[in-house]
Amino acid sequence: MAGINQNYNKLAAGYLFPEIARRTRGFQKKNPAKVLKKLGIGNTTEALTPAVIAGLTKGVNKLADPATYSGYGDEQGNMKLRQALSEYYESKGITLLPNDFFISDGAKPDSSNIQSIFSPDSVIAVQDPAYPVYVDSNVISGKSGNYSSKKGEYEGLIYMPCTEENNFFPALPDKKADLIYLCSPNNPTGAVATHKQLKIFVDYARENKSVIIFDAAYCEYISDPTLPRSIFEIEGAKKCALEINSLSKFAGFTGVRLGWTVVPEELIVEGTNPGEVRNLWNRRQCTFFNGASNIVQEGALAVFTEEGLKESGNLVNYYMENARIIRKGVESVGLTYYGGVNAPYVWIKTPEGISSWDFFDKLLSETGVIGTPGSGFGPGGEGYFRLSAFGHREEIEAAVESIKENLKI
Ligand code: PLP
């Protein structure tokens, strides 16, 4: 008799964004005339740039001619793209081999699939709050105990609090962790780890034979040149870390889909030689994945040209101007906030005594602005609220105006 994977039943609640959508639908039904301003999901809104469109078009045209047509490609990705990524990292002073790059259809699938190559009894540590995929993928694969609604945590997982007091970057885990998820610039807090902070984790990982799973999906939003954009800027990281990234937020590929995971040859875990972890990810991808779309990979190659990089940089600047507008707006009404300087998220402290979800309902009903309750990212997010800088300028400005005029604090 077939049964279901019972771990799904452990999941605490519906995924955060469906719940936001449900509440929003309910509100809109009761208030059909109200114009909503969506600053909730971190979804890009601006058009793909001309260089990317030319790259994608080239990809389509290649398929129209038998002389250039290609079917299945390499599961690891087009070698030209892996080479381009290697050169791009090199331009930032980081040496990685093209073979260290595995092209995929995004950072979300990679960040949820990566745990599968490690031992089922691995102890998982996550920042709290965190992008929910790290926790949920480990719950589904059986690497956690049950959810405790009292604590808002899953048994067996290590939650590393990210608070105002530690500038939203955690102290080392208080128990031995095997897989440590770090995200910088951080979703949802907008905090960016320093070299010093990351070095402490790299040293810990090497001492404890742990692996850091570093999510750099927002690294292009760092404008401060003193802050690290990759874990591989940290000495020793190649031996204990892998990195996940994507073109979603850099070049507007949220719907196009293109990401990559870097598994350096040097990465080792208990009982492995250099190259073996990388081979395992290769085996995983070859078994479960048939490579990223050949059209999309042509589009991605265009991002790493001089023109493509310039245009993508302009896209990032556009969203960061949105972030500045949001920051100024929430500051002017007296709300305390963090982030939004080297990251496209503004992390607002909810007014005294108002929970994250209550603030969601209050903001929606008073201003028509949709944000994301901090508690949806883990118990440490309670009392906070995330506003996303991804949106058309007019919508961001309208949201800020409405907050200034209508929010009752
Ligand atoms: N990692 C983080 C931290 C994110 O916030 C997101 C999306 O919001 C992703 C990964 C997903 O990226 P992708 O679109 O490449 O799957």
Go over the candidates 98, 120 one by one and state the one that is farther than 30 Å from residue 189 by Cα and in contact with a Lys or Arg (Cβ under 8 Å, 6 or more places away or on another chain).
-> 98
Within segment 17-39, how many residues are surrounded by fewer than 12 Cβ atoms within 10 Å (Cβ to Cβ), within 21 Å of residue 396 (Cα to Cα) and without any contact (Cβ under 8 Å) to a residue 12 or more places away in the chain?
-> 3
Residue identified as surrounded by 16 or more Cβ atoms within 10 Å (Cβ to Cβ) and within 16 Å of the ligand (Cβ to nearest atom) among 42, 59, 73, 55 | 42
Would a scan of segment 177-185 turn up a residue that is open to solvent by 10 Å² or more (accessible area, probe 1.4 Å) and without any contact (Cβ under 8 Å) to a residue 60 or more places away in the chain?
-> no
The condition from (1) within 14 Å of the ligand (Cβ to nearest atom); (2) farther than 21 Å from residue 117 by Cα; (3) surrounded by fewer than 24 Cβ atoms within 10 Å (Cβ to Cβ) that residue 216 misses is numbered (2)
Answer yes or no: is there a residue in segment 117-125 that is under 23 Å from residue 229 (Cβ atoms), small (Gly, Ala, Ser) and open to solvent by 30 Å² or more (accessible area, probe 1.4 Å).
-> no
Name the pairs whose Cβ atoms lie under 8 Å apart, with the first residue in segment 242-258 and without any contact (Cβ under 8 Å) to a residue 40 or more places away in the chain and of a type in the set (D, E, K, R), the second more than 7 Å from the ligand (Cβ to nearest atom) and open to solvent by 10 Å² or more (accessible area, probe 1.4 Å), and 6 or more positions between them or separate chains?
-> 243/232
Considering 261, 254, which residue is within 16 Å of the ligand (Cβ to nearest atom), open to solvent by less than 10 Å² (accessible area, probe 1.4 Å), at pLDDT 95 or above and hydroxyl-bearing (Ser, Thr, Tyr)?
-> 261
Examine segment 193-202 for a residue that is in contact with a helix residue (DSSP H, G or I) (Cβ under 9 Å, 6 or more places away or on another chain), more than 16 Å from the ligand (Cβ to nearest atom), open to solvent by less than 10 Å² (accessible area, probe 1.4 Å) and more than 16 Å from residue 168 (Cβ to Cβ), and state whether such a residue exists.
-> yes
Any residue at all in segment 285-295 that is open to solvent by less than 10 Å² (accessible area, probe 1.4 Å), touching a residue at least 12 places away in the same chain (Cβ under 8 Å), in a helix (DSSP H, G or I) and touching a strand residue (DSSP E or B) at 6+ places or on another chain (Cβ under 8 Å)?
-> yes
State all residues of segment 236-250 that are crowded, with 24+ Cβ neighbours inside 10 Å and within 11 Å of the ligand (Cβ to nearest atom); if no residue qualifies, say none.
-> 244, 245, 246, 247, 249
How many residues, within segment 1-21, are modelled with pLDDT of 90 or more and under 19 Å from residue 386 (Cα atoms)?
-> 2
With the checklist (1) over 15 Å from residue 245 (Cα atoms); (2) in contact (Cβ under 8 Å) with a residue 40 or more places away in the chain in hand, flag the one item residue 156 doesn't pass.
-> (2)
Considering only residues of segment 340-360 that are of a type outside the set (A, V, I, L, M) and more than 25 Å from the chain's Cα centre (by Cα), which is most open to solvent (accessible area, probe 1.4 Å)?
-> 352
Those strands (runs of 3 or more DSSP E) completely within segment 203-275 that have 1 or more residues that are closer than 15 Å to residue 186 by Cα are 211-215, 241-246
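The values are calculated or read from the model by the stated rules, or taken from the named source; none is laboratory data. Since the structure is predicted, the reported quantities are computational estimates derived from the model, not experimental observations. When we count neighbours, we look across all protein chains shown, and the Cβ atoms used for this are built from the backbone with ideal geometry, even at glycine. Just so you know, the surface numbers come from the protein's heavy atoms only, side chains and all, with ligands and any DNA or RNA stripped out. Shrake-Rupley method; radii C 1.70, N 1.55, O 1.52, S 1.80 Å.
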